[in-house]
Amino acid sequence: MRTGILLAALLAASPGLGRAEILTFAAASLGGPLDRAIEVWEAQGGAPVTVSYAGSSALARQIAAGAPADLFVSASTEWMDEVARDGLIQPESRRDLLGNALVLVAEPHAEPVTIGPDLDLPALLGDGRLAMALVDAVPAGQYGRAALESLDLWNEVAPRVAQAENVRAALALVASGAAPYGIVYATDAHEEPRVRVVGQFPEDSHPPILYPAALVAGADEDAAAFLDFLSGPLAGEIFAEAGFTRPPQAEAPE
């Protein structure tokens, strides 16, 4: 009896204690700011959150295969649409959570460039390669290829692309010196002091970079509350500091 009373007191004192964790599948490019947002959420008594970071395509396929995720935050509307068509999300919960920009990065002492049809990218690369996430599957790679194609730069540089599993892996190739240049999100560059942004791709050179988020079918009210927190002002400040933008419809629904 006394044990039951003690447990009840502990639960009252610690709102997150004893509650099931919220398993969040999130695009690799969210690593860092999402971790910091989770720290704030849990400090306020929110249910514990565990995050699995990977490319959006890999995460979508894992959800389709029955992985027990509660929340999916994709870096691509395409992959969110894919799981939605399979009836694997709660459609009323879906919202565009964040936005981003696409940049060219290099080692810290590289000179800035103007990104446009006149950019001699092969000359910049020299004997090296251009680091990108998988151009046919991972959103950052798909956006990068779309931008290069729209600027008529893709065909001459395609044989020189070093494709990585996700955008953070592409960033690591540049940060480690394995590749002289890479195409990543602006927020990835913000998280890595060993690279410099030398140019930003024009917004109209690629589709808008949006991060849709939705509850996976079967997710409970704790996951719904966490998604609302990510859509709110406290998390918004954390994401803004990392360079993310907020689409107008990102706010938590009334």
Long-range amide H partners of Ser52 with built H, under 5 Å: Thr24, Phe25, Ala26
Exposed trypsin sites (Lys or Arg not before Pro) absent: longest stretch of the chain, with sites in DSSP loops and at most 15 other Cβ within 10 Å deemed exposed: 20-193
Computed over region 55-183: relative contact order in percent, which uses C-alpha pairs under 8 Å that are six or more apart: 29 percent
Mean separation of Cα contacts under 8 Å (6+ apart) over length of the chain, as relative contact order %: 28 percent
Whole-Hz couplings from phi, Karplus 6.51/-1.76/1.60, listed for region 77-89; x for Gly and Pro: 5, 4, 6, 5, 4, 4, 6, 5, 4, 8, x, 9, 10
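Output the peptides 147-156, 204-213, 111-120 sorted from most to least packed, where packing is the average of other Cβ atoms within 10 Å over each peptide's residues. All intermediate terms of the calculation are to be shown ahead of the outcome.
Values: 147-156: 16.5, 204-213: 19.6, 111-120: 12.5.
Most protected by this proxy first, the peptides run 204-213, 147-156, 111-120.
Given +1 on the Cβ of Lys and Arg, -1 on the Cβ of Asp and Glu, and no further charges, what dipole in debye does region 101-254 carry about its Cα centre, rounded to the nearest 20?
Using only the charged Cβ atoms, the result is roughly 520 debye.
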From the coordinates shown, volume of the Cα convex hull per residue in Å³ corresponds to which of [x] 138; [y] 129; [z] 168: [x]
Region 68-141, Cα convex hull volume normalised per residue, Å³: 164 Å³
Nearest 10 degrees, 0 to 90: helix 2-13 Cα axis against the chain principal axis: 40 degrees
For region 155-170, 3J(HN,Hα) per residue [Karplus equation, 6.51 cos²θ - 1.76 cosθ + 1.60, θ = phi - 60°, Hz, x = Gly/Pro]: 4, 7, 9, 3, x, 9, 7, 9, 8, 10, 4, 8, 5, 5, 5, 5
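Determine the relative contact order of region 162-229: mean sequence separation of Cα pairs under 8 Å and six or more apart, normalised by residue count, in whole percent. Working shown, then result.
On the way: 35 pairs, mean separation 12.9, N = 68.
Worked out over region 162-229, it gives 19 percent.
Tally up the carbon and sulfur contribution to the accessible surface of region 55-117 as a whole percent, 1.4 Å probe, everything protein left in place.
Values: 1360 of 2640 Å².
Looking at region 55-117 in its full context, I get 52 percent from C and S.
Quick check for you: with a 1.4 Å probe and neighbouring chains kept, what is the accessible area per residue of region 175-254, in Å²?
Values: 3690 Å² over 80 residues.
It amounts to 46 Å² per residue over region 175-254.
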Long-range HN-HN contacts of Ala101 with modeled amide H, under 5 Å: Ala186, Thr187
Interchain or long-range residues, amide H under 5 Å from Ala164's placed H: Met132, Ala133, Leu134
Where Rh is the Kirkwood radius over Cα pairs, Rg/Rh for region 11-128: 1.12
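The values are calculated or read from the model by the stated rules, or taken from the named source; none is laboratory data. All figures in this text were calculated on a predicted structure; none of them were measured in a lab. In this analysis, Cβ positions are derived from the backbone assuming ideal geometry, glycine residues included, and neighbour counts consider all displayed protein chains. For the accessible areas, the whole protein counts, side chains as well, though only heavy atoms, and no ligand, DNA or RNA atoms are used. Shrake-Rupley method; radii C 1.70, N 1.55, O 1.52, S 1.80 Å.
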